[in-house]
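Working notes, structure below.
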Amino acid sequence: MGNQLVKPTIALEEAFNDYINEWKEYGEKLVPTVLRRPGDNFEVFIEKLLLAERGIGIPEGWVANSTYLLVNDNQRILGACHIRHELTETLLNIGGHVGYGVRPTERGKGYASEILRLALLKVKNMGVEQALITCNENNIASKKVILNNGGVEGQSFVEEDGNVVKRYWIEL
């Protein structure tokens, strides 16, 4: 069957905890950040993600959004993505339509490109004709992933701290 982009479910709790723990073991911040669930049990966390798809219970300034996990045939979570259903002024500069991450031990195997490719199909199905994907200027791996998926570089955005955010548009 191959790898699939699926919504988080209760059945994936053990695999999800393993995924989260690996990020911690490597001392890295979890990406996408929406997967951080301080204090929530897994069932409540899943419910919050489902409500967020309808724009319910989301933080101020956020938009309706969907979260997906890339799982293999053994239900091992290889990576994840967070799809924003529309763009705010902030998301036009930082964030874009899709954020994604791959667990540390699975990097360099093409999974980020696969996640973005599958996520872009979902964005297209939402009626978006041109998707915005962003990454920090120093994130060479993410830049390659975006370019591999048809990204065309747009105008960069410079944050207040001087960090340069590269912005790429992808025709869907």
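The values are calculated or read from the model by the stated rules, or taken from the named source; none is laboratory data. Remember, predicted model here, so these are calculated numbers, not experimental data. Glycine gets a Cβ as well: all are built from the backbone with ideal geometry, and neighbour counts include every protein chain shown.
For residue 30, indicate whether it is of a type in the set (A, V, I, L, M, F, W, C) and not in a loop (DSSP other than H, G, I, E, B). Full working, then the answer.
Values: of a type in the set (A, V, I, L, M, F, W, C): yes; not in a loop (DSSP other than H, G, I, E, B): no.
Here the answer is no, as residue 30 does not meet what is asked.
Going through 131, 119 one at a time, which residue ends up being under 23 Å from residue 77 (Cα atoms) and of a type outside the set (Lys, Arg)? Quick ask: steps written out before the conclusion?
Details: 131 fails: under 23 Å from residue 77 (Cα atoms).
119 is the lone residue from the list that is under 23 Å from residue 77 (Cα atoms) and of a type outside the set (Lys, Arg).
Listed here are the residues, each with its yes/no results for (1) surrounded by 18 or more Cβ atoms within 10 Å (Cβ to Cβ); (2) over 17 Å from residue 145 (Cβ atoms).
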residue: 90; (1), (2): no, yes
residue: 96; (1), (2): yes, no
residue: 99; (1), (2): yes, no
residue: 103; (1), (2): yes, no
residue: 106; (1), (2): yes, no
residue: 110; (1), (2): no, no
residue: 116; (1), (2): yes, no
residue: 120; (1), (2): yes, no
residue: 125; (1), (2): no, yes
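With of a type in the set (Asp, Glu) and surrounded by 16 or more Cβ atoms within 10 Å (Cβ to Cβ) as the only criterion, which of 22, 13 stands out?
Details: 13 fails: surrounded by 16 or more Cβ atoms within 10 Å (Cβ to Cβ).
Going through 22, 13 in turn, the sole match is 22.
Can you tell me which of 56, 115, 83, 77 is under 17 Å from residue 8 (Cα atoms), aliphatic (A, V, I, L, M), out of contact with any helix residue (DSSP H, G or I) (no Cβ under 8 Å at 6 or more places or on another chain) and at pLDDT 95 or above? Explain how you work it out, then say what you get.
Numbers: 56 fails: under 17 Å from residue 8 (Cα atoms); 83 fails: out of contact with any helix residue (DSSP H, G or I) (no Cβ under 8 Å at 6 or more places or on another chain); 77 fails: out of contact with any helix residue (DSSP H, G or I) (no Cβ under 8 Å at 6 or more places or on another chain).
The unique qualifying residue is 115.
Out of 71, 152, I need the residue that is within 28 Å of residue 55 (Cα to Cα) and modelled with pLDDT of 95 or more. Which one? Before you say what the answer is, go through the steps one by one.
Details: 152 fails: within 28 Å of residue 55 (Cα to Cα).
Unique residue meeting the criteria: 71.
Pick from segment 31-82 the residues that are surrounded by 15 or more Cβ atoms within 10 Å (Cβ to Cβ) and among the small types (Gly, Ala, Ser): which of them is nearest to the chain's Cα centre (by Cα)?
Among residues in segment 31-82 that are surrounded by 15 or more Cβ atoms within 10 Å (Cβ to Cβ) and among the small types (Gly, Ala, Ser), the one nearest to the chain's Cα centre (by Cα) is 80.
Taking residue 150 and the conditions (1) of a type outside the set (A, V, I, L, M, F, W, C); (2) closer than 27 Å to residue 60 by Cβ; (3) part of a loop (DSSP other than H, G, I, E, B), which numbered condition does it fall short on, given that it satisfies the others?
Only one criterion is unmet by residue 150, namely (2).
Please count how many residues of segment 1-47 are touching a Cys at 6+ places or on another chain (Cβ under 7 Å) and hydroxyl-bearing (Ser, Thr, Tyr).
So the count comes out to 0.
Which one of 47, 22, 13, 114 is touching a Leu at 6+ places or on another chain (Cβ under 7 Å) and assigned to a helix (DSSP H, G or I)? Lay out the reasoning, then the answer.
Numbers: 47 fails: touching a Leu at 6+ places or on another chain (Cβ under 7 Å); 22 fails: touching a Leu at 6+ places or on another chain (Cβ under 7 Å); 13 fails: touching a Leu at 6+ places or on another chain (Cβ under 7 Å).
So the residue among 47, 22, 13, 114 that is touching a Leu at 6+ places or on another chain (Cβ under 7 Å) and assigned to a helix (DSSP H, G or I) is 114.
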